[in-house]
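Taken together, the values in this text are just the output of simple stated rules run on the coordinates, not laboratory data. A quick note: this is a predicted structure, and the numbers were derived from the prediction, not measured. Don't worry about glycine lacking a Cβ; one is built from the backbone with ideal geometry, like all the others, and counts go over all protein chains shown.
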Amino acid sequence: MAAMTAAFTCNADNDVKVEHLGVNNTLVRVEGDARYLLMPVQESNEDARINILVDGKLDRTIFVRLAKSKVDYQVPLDLKQYEGHNVILNVVTAQDRSSIREASNDACWSNFVLADTFDTANREKYRPAFHHTPLYGWMNDPNGMVYKDGVWHLYYQANPFGSKWQNMTWGHSSSTDLVNWEHHPLAIEPDGLGTIFSGSSVLDHDNTAGFGPDAIVSLYTSAAESQIQSLAHSSDGGMTFEKYPGNPVITLDSEARDPNMFWYAPTGEWILMLAHALDHEMLIYASPDLKNWTLRSSFGKGLGAQDGVWECPDMFELAVDGIDRKKWVLICNLNPGGPFGGSATQYFVGDFDGTTFTPDLDADGKVPTKWMDFGKDHYATVSFSDAPDNRRTVIGWMSNWQYAAEVPTMQFRSANTLPRDVSLFTGADGQIYLASTPSPELVSMRDKLVKKAGRNTLSEKPREYRLPAENDGICEILLDINPKSASSVTATLSNMAGNKVVMTYDPAARTLAFDRRESGITDFSQDFPAVTVAPLLDSADELSLRIFIDRSSIEVFADNGHSVMTNLVFPEQPYTTLSVTADGKAELTSMSIYSLSPSK
């Protein structure tokens, strides 16, 4: 019998050697010196499992959609950490092949490249101009957000090896103004306990954990065969983290994730909210030192929206209507089960005594379901810990699990919402609601006042206003509307390509609708074309709107954030015209349009 031999492939510079061991198994040997190994990706392909061997020992396992018939883009494996060592990638592909010869023809094998740089210059038409995005790759939940020494630290769920969900890691960006973000190396990477799911960070002012005064301490979910909770800390202001050798610190025999912790002064201890995902409840723990946790109670079974898994909790205390009265807010993200399909953010208002959260009841004696945002693209919203001036500042993931992996971008996927400061107010029905207003730092983005209008009568004949053309039409619009006798007032954003977004105010129903069915590219998902509707919770007839338009999103804040809608849009051309009409007689009390320059 003839001896079996492997098939070999080398790239042009002979610095990467490929050895095909079988129809599904290949070795990629790194034989040159460079900072990065660029790996070729084809998004429509299945994940390949890549075991990274360093000097013959398994360092870690990653999953990459290696190219089969074409290369969509490349992702970097940073080789700096392996300098001076022998590196081999043991690749197991998912697709079947009839022979090694057929397997060796896959596009990926001749497109592994060693390079000293990785180009992150934007190549995307729809990359936002003033929302946080990753430099490349996939992003979902914001997590671990903390403010320290004048810097806002935003950590987030990241896949550094592709633009679809996989290889969950904590990415890291920071900002001094909540507008311009600096990108940093990955903060917390997968280990033997699993990949790194969402969590939270706090400043341990009194050194309760023993890592030093004001150390940043983070809790996150280690996800593998089970979901367990692990601890890490940073002594250099959040730039690097050291994992606690005693991990995990919380284990359960059921699925639980996304730990969110805060200091509770009345009892002098840490409180932790943990999403008991499939049980549709939040577990409440307490600890003196961030390491040893005791289960105190649970909340949520049978309450609120129950159609999807519960995730990404947050809890904090706020003043009601800006006065001395205070209430606690429990944020509970869920997927699916949102008001317009897919993922969304609900919340509960109530009281907390250090052990139990007790929700407020409505006039019928029931726990009402309340939504933080009435668009389709607002999820995993959580707040920064230790924000200055007693602010409670939140950021969400600006997408929806229904189509997040299919939106028309590829270099990166997903952005964060604008930062918002939240507060509590009393609605017309006597219920207490959560308001979300654009954080005050965002005013700094305003460049020129390109249009200002005073009182104008509205009718069926459109009043049209040109939107600024700079920066692909990004702008901020302020509208004040008195409906008078009109049955509806409509504001339409449009362009010469026939794309349009229609926002309709119904004063009788006290609702604001957002129609994106003809907004531009919508056919990548049957769930994307949609009309979302927000209730207007104040009693006044007049409506005040603050609208932020970016290259691929529109955020609408009504009545000082008492009602909010966040929706993605992908216009074929930037929107160029705002037209306002009324079914009957109404009045445009005032209007301002600002061009935006976020990097001033």
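Remark: the GLU460-ASP191 segment gains 90.6 nm on full extension, using 0.36 nm per residue and subtracting the alpha carbon distance.
A Förster radius of 30 Å, combined with the Cβ-Cβ distance separating ALA453 from SER599, puts the computed FRET efficiency at roughly 0.60. Across region 188-299, the convex hull enclosing all Cα atoms gives 90 Å³ per residue. Please work out the FRET efficiency for the pair SER99 and LYS585, using the Cβ-Cβ distance as r and a Förster radius of 60 Å; give the result to the nearest 0.05. The value I calculate is 0.20. Annotation for region 263-326: GluC sites (Glu not before Pro) lying in DSSP loop with at most 13 further Cβ atoms inside 10 Å of their Cβ do not exist.
Between the amide H of VAL309 and those of ASN335, distances stay under 5 Å, these residues lying 5 or more places away or on another chain, with hydrogens modeled in the peptide plane.
Electrostatic bookkeeping for GLY210 treats Lys and Arg as +1 and Asp and Glu as -1; over the other residues with beta carbon under 14 Å from its beta carbon, the sum is -4. The chain gives an Rg/Rh value of 1.00, both radii derived from C-alpha positions and Rh following Kirkwood.
Loop-located GluC sites (Glu not before Pro) across region 23-97 with a Cβ neighbour count of 11 or fewer within 10 Å are GLU83, with loop assigned by DSSP. Here the extension length gained between HIS205 and SER226 equals 4.4 nm, from 0.36 nm per residue of separation less the Cα-Cα distance. Phi angles across region 348-353 convert, under the Karplus curve 6.51 cos²θ - 1.76 cosθ + 1.60 with θ = phi - 60°, into 3J(HN,Hα) values of 10, 10, x, 10, 9, 10 Hz, Gly and Pro given as x.
Full extension of the segment from ILE323 to HIS85, taken as 0.36 nm per residue of separation minus the current Cα-Cα distance, would add 79.4 nm.
Counting Lys and Arg as +1 and Asp and Glu as -1 over every other residue whose Cβ lies under 10 Å from the Cβ of ARG392, the net charge comes to -1. Past 29 Å, Cα to Cα, is the threshold; run LYS301/LYS326; LYS80/LYS164; LYS80/LYS125; LYS370/LYS451; LYS148/LYS376; LYS70/LYS376 against it and keep the listed order. Distance filter (> 29 Å) returns LYS80/LYS125; LYS370/LYS451; LYS148/LYS376; LYS70/LYS376. Placing R0 at 35 angstrom, the Cβ-Cβ distance between ASP119 and GLN526 gives a FRET efficiency of 0.50 after rounding to 0.05.
What ³J(HN,Hα) values, in whole Hz, does the Karplus curve 6.51 cos²θ - 1.76 cosθ + 1.60 give for region 458-468 when θ = phi - 60°, with x put for Gly and Pro? After applying 6.51 cos²θ - 1.76 cosθ + 1.60, I find 10, 8, 5, 6, x, 9, 10, 9, 7, 8, x Hz. Here the 3J(HN,Hα) profile of region 115-121, calculated from phi with Karplus coefficients 6.51, -1.76 and 1.60 at θ = phi - 60°, is 8, 8, 9, 10, 6, 10, 4 Hz, Gly and Pro shown as x. Sorted fewest first by neighbouring Cβ atoms within 10 angstrom, HIS153, HIS205 come out as HIS205, HIS153. Under a 5 Å amide H cut-off, with hydrogens placed 1.01 Å from N, GLU572 pairs with ILE521 among residues at least 5 apart or on other chains. Ordering HIS183, HIS233 from the fewest to the most neighbouring beta carbons within 10 Å gives HIS183, HIS233. When only alpha carbons are used to place a centre, region 13-35 and region 402-474 end up 49 Å from one another. Arranged from fewest to most other beta-carbon atoms within 10 Å of their beta carbon, ASP78, ASP106, ASP149 become ASP149, ASP78, ASP106. Both numbers refer to the Cα atoms of region 7-115; Rg and Dmax are 12.8, 38 Å. Amide H contacts under 5 Å for PHE374: VAL564, MET565, THR566, restricted to partners 5 or more places along the chain or on a different chain, H placed in the peptide plane at 1.01 Å from N. Taking label points 7 Å from Cα along the Cα-to-Cβ direction, ASP364 and ALA107 give a separation of 5.5 nm.
Count Lys and Arg as plus one, Asp and Glu as minus one, and take only other residues whose Cβ is under 12 Å from that of PHE241; the net charge is then -3. Distance between the C-alpha centers of region 562-600 and region 300-375? Whole Å please. Between the Cα centre of region 562-600 and that of region 300-375, the gap is 30 Å.
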